[in-house]
Amino acid sequence: MDWGYLFEVCLTGLLGGGLYALAGLAFVMVYKATRVVNLAIGEMLMAGGYLFFTFAAMWALPLWLAIPAAVLASGVLGAVIERTMIRPLLGEPPISAFMVTIGLGSVLVGLVEMIWSADQRRLPDFLPAKAITVGDAFLAPKVFWGAVIASVFIAAVLLVFRYWRGGVALRATASDQAAAYAVGINVPRVFSLSWVVSAMLAAVSGIIVGSIGGISSSMGVFGLTVLVVVIVGGLDSVLGALVAGLLVGLVEGLAGAYLGGEYKLLATFIVLVFILMVRPYGLFGTHEIERL
């Protein structure tokens with residue numbers, strides 16, 4: 001066995017898993033606070049990529065302005081979605097919000113194809129292109145720096161929500177909504193905050209993924225793998241999203257290298273089925289997760 005090649009494949013898979021972990025964190029952020037399973041996470045990621053394309057390529061804004069503008073615009077989109085589609089369903093059966101997110105994904109795809117067409121587009125290059133080597137292993141520079149950016153954002157979000165007052169309110173709401181109400185926390189505002197932060201994290205993921213492989217209206221397929229990640233890790237577990245993201249990225253890398261690219265998605269779903277058979281609530285999820 002070529003151990004050098006195996007080392008390179010594993011590193012590449014773990015780097016790709018960092019992107020899954022960031023998108024998985026966006027998913028878990030909403031679920032922990034609102035108990036809404038957001039199946040439109042892939043389409044929200046796609047929307048962030050297209051907003052960046054609009055600001056940077058179509059409007060020719062400098063990158064230092066286009067990137068935060070796209071992230072902030074995605075946050076506004078998240079707030080609008082929560083206020084108009086999710087909040088009216090408070091108190092309704094979970095399946096109602098679940099179905100709304102499915103419809104939301106279709107709406108976002110339709111809007112993208114109406115406004116920007118279904119053609120694949122390339123984002124302006126902003127990631128370094130210099131080759132990265134670790135020992136004898138060669139790493140794709142965009143994947144490497146994309147994973148570095150994802151890691152920085154994950155660390156920043158975890159620190160902010162550990163010490164910021166809004167983060168404390170979100171964790172309290174996730175733990176017990178009734179108790180949060182009792183101590184004066186504005187729970188609907190926390191719901192909105194979770195959707196805003198989730199949309200912004202999804203936008204960052206979309207910009208990174210789009211800078212690596214381009215953007216198209218089919219980017220929502222990325223959300224399928226993200227869904228595998230959060231189910232494997234546990235729908236309500238931040239740590240699970242991070243660990244499962246790396247695990248799924250590693251499995252995809254190995255499957256793509258040794259079996260062929262067409263087996264990558266199959267391998268991830270085999271992992272999903274195995275985990276569900278052994279631990280139906282995920283690696284780090286709680287036993288009390290409500291099934292749909």
- Name the single residue, out of those in the range 158-211 being in contact (Cβ under 8 Å) with a residue 24 or more places away in the chain and β-branched (Val, Ile, Thr), that is nearest to Leu51 (Cα to Cα). Ile207
- Task: With respect to Pro141, determine if the residue is touching a Pro at 6+ places or on another chain (Cβ under 6 Å), at pLDDT 90 or above and not aliphatic (A, V, I, L, M).
- Result: yes
- Which one of these is in a helix (DSSP H, G or I), open to solvent by less than 70 Å² (accessible area, probe 1.4 Å) and touching a helix residue (DSSP H, G or I) at 6+ places or on another chain (Cβ under 6 Å): Ala203, Ala179? Ala203
- Only residues that are of a type in the set (D, E, K, R) and open to solvent by 60 Å² or more (accessible area, probe 1.4 Å): list them for the range 221-274, please. Glu262, Lys264
- Note on the structure: So the helices (runs of 4 or more DSSP H) completely within the range 1-110 holding 1 or more residues that are open to solvent by 10 Å² or more (accessible area, probe 1.4 Å), in contact (Cβ under 8 Å) with a residue 24 or more places away in the chain and polar (S, T, N, Q) are 3-34
- Query: Somewhere in the range 134-149, is a residue at positive phi, open to solvent by 60 Å² or more (accessible area, probe 1.4 Å) and either assigned to a helix (DSSP H, G or I) or out of contact with any Phe, Trp or Tyr (no Cβ under 8 Å at 6 or more places or on another chain) (or both)?
  - Reply: no
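The values are calculated or read from the model by the stated rules, or taken from the named source; none is laboratory data. None of these values were measured; they are calculated from a predicted model. Backbone-built Cβ (ideal geometry, glycine too); neighbour counts: all protein chains shown. In case anyone asks, the SASA skips ligands and DNA or RNA and just uses the protein heavy atoms, side chains included. Shrake-Rupley method; radii C 1.70, N 1.55, O 1.52, S 1.80 Å.
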